1. On the basis of being among the small types (Gly, Ala, Ser), at pLDDT 95 or above, within 17 Å of TYR9 (Cβ to Cβ) and surrounded by fewer than 21 Cβ atoms within 10 Å (Cβ to Cβ), does ALA67 make the cut?
2. Which of the residues that make up segment 33-51 are surrounded by 13 or more Cβ atoms within 10 Å (Cβ to Cβ) and closer than 18 Å to THR110 by Cβ?
3. Need pairs with beta-carbon distance below 8 Å; first residue within 16 Å of ARG41 (Cα to Cα) and within segment 79-99, second among the charged types (D, E, K, R) and part of a helix (DSSP H, G or I); sequence gap 6+ or separate chains.
4. Among the residues of segment 100-119 satisfying the criterion of being in contact with a helix residue (DSSP H, G or I) (Cβ under 8 Å, 6 or more places away or on another chain) and among the charged types (D, E, K, R), which is nearest to ARG41 (Cα to Cα)?
5. Any residue at all in segment 47-57 that's on the phi < 0 side of the Ramachandran plot, modelled with pLDDT of 95 or more and touching a Phe, Trp or Tyr at 6+ places or on another chain (Cβ under 6 Å)?
6. When you go through (1) assigned to a loop (DSSP other than H, G, I, E, B); (2) modelled with pLDDT of 95 or more; (3) under 18 Å from the mean Cα position of the chain (by Cα) one by one for LYS43, which number turns out not to apply?
Amino acid sequence: MATAPCRLYLITPPRLDDLAGFGRSLAHALDAGDVAALQVRLKDVPDEVVSAAVDVLMPIAQARGVAVILNDRPDLAAKLGCDGVHIGQDDGSCAEARRLVGPDRMVGVTCHDSRHLAMEAAEAGADYVAFGAFFPTATKEAIGHPDPEILTIWQETMQIPCVAIGGVKAENAATLAAAGADFLAVSAGVWSHGDGPAEAVKALNAAIAAGLAGR
C-alpha cells in the first residue's frame, strides 16, 4: 500500500455571495494547516461569476502553494489559468477535458462507487479519481455510497491518487485516511464548522494524522 500522506482538498461552498469575505476566510483556513488543493465549485451561475471568483481566490491559494481546480468546465479552467479541472460523469469525457486543458494541467474525474469507472478514467489519462459519497451530505445529491474498502483496494492495485468525498469532516476523516485516501475533499465540514474554517482545517489535519498512524 502506498505510504504517501493524505492531504486536504477543499471545495468552495456552492454560492459565494460575499466574495471578498470568503477570500479572507479562505486565507485564514489555508494558513491554519496543510491543504493541497481548492476546487472552485459554483453551479448554475454565469461564466463571469466563476471568473470573478477565480480572479479573487486563485492568487490567495496559489500564493500558499495550493492548486486551484475548477469544477465542470475544462474550457474555462484553461482560459482562466487554473491548475486543473474536475469533471463528473456527465461533464464530457476525460480525453476531451485533457484536450481542452492541455498536458500540464490536472484532470480529476468523479467515479462515485465504481472501480470500473475509475479504471476507465485512469486509462484515459486522469490525474486522480474521486470516490463518494462516503457519508451523508447536503452539498450535492449523492449517486454512490462506497465502503472505505474501495480506497484500500485502489491503493493496492492502481498508481494514480484517489480522493474521498461526501460528508467528510473531522469526526470521520481518520477512517478514510486509514483506508487509503490520498486526498480528502471537504466543503461544509470546513466552511460550516462551528469554530470556523481555520479550526476545521486544524482538526481535519489532526484526524488525518491519526488515521495515517493507524495504517
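The values are calculated or read from the model by the stated rules, or taken from the named source; none is laboratory data. Since the model is a prediction, treat every value here as computed from it, not as a measurement. Positions of Cβ are backbone-derived with ideal geometry, glycine not excepted, and every protein chain shown enters the neighbour counts.
1. Numbers: among the small types (Gly, Ala, Ser): yes; at pLDDT 95 or above: yes; within 17 Å of TYR9 (Cβ to Cβ): yes; surrounded by fewer than 21 Cβ atoms within 10 Å (Cβ to Cβ): yes.
Yes.
2. Matches in segment 33-51: ALA36, ALA37, LEU38, GLN39, VAL40, ARG41, LEU42.
3. Hits for this filter: LEU80/ASP55.
4. So in segment 100-119, the residues in contact with a helix residue (DSSP H, G or I) (Cβ under 8 Å, 6 or more places away or on another chain) come out as 100-102, 105, 107, 109, 111, 113, 115, 118.
Restricting the remaining residues to those that are among the charged types (D, E, K, R) gives 105, 113, 115.
Values: ARG105: 17, ASP113: 21, ARG115: 24 Å.
That would be ARG105.
5. Quick first cut of segment 47-57, residues on the phi < 0 side of the Ramachandran plot only: 47-57.
Now drop any that are not modelled with pLDDT of 95 or more, which leaves 47-57.
Pick out the ones that are also touching a Phe, Trp or Tyr at 6+ places or on another chain (Cβ under 6 Å) and you get none.
For segment 47-57, residues on the phi < 0 side of the Ramachandran plot, modelled with pLDDT of 95 or more and touching a Phe, Trp or Tyr at 6+ places or on another chain (Cβ under 6 Å): absent.
6. The single condition LYS43 does not satisfy is (2).
Residues checked against (1) aliphatic (A, V, I, L, M); (2) in contact with an Asp or Glu (Cβ under 8 Å, 6 or more places away or on another chain); (3) surrounded by fewer than 20 Cβ atoms within 10 Å (Cβ to Cβ); (4) farther than 19 Å from PHE183 by Cβ:
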{"position": "ALA53", "(1), (2), (3), (4)": "yes, no, no, yes"}
{"position": "ASP90", "(1), (2), (3), (4)": "no, no, yes, yes"}
{"position": "ALA97", "(1), (2), (3), (4)": "yes, yes, no, no"}
{"position": "ALA118", "(1), (2), (3), (4)": "yes, no, no, no"}
{"position": "GLU123", "(1), (2), (3), (4)": "no, no, yes, yes"}
{"position": "ALA130", "(1), (2), (3), (4)": "yes, no, no, no"}
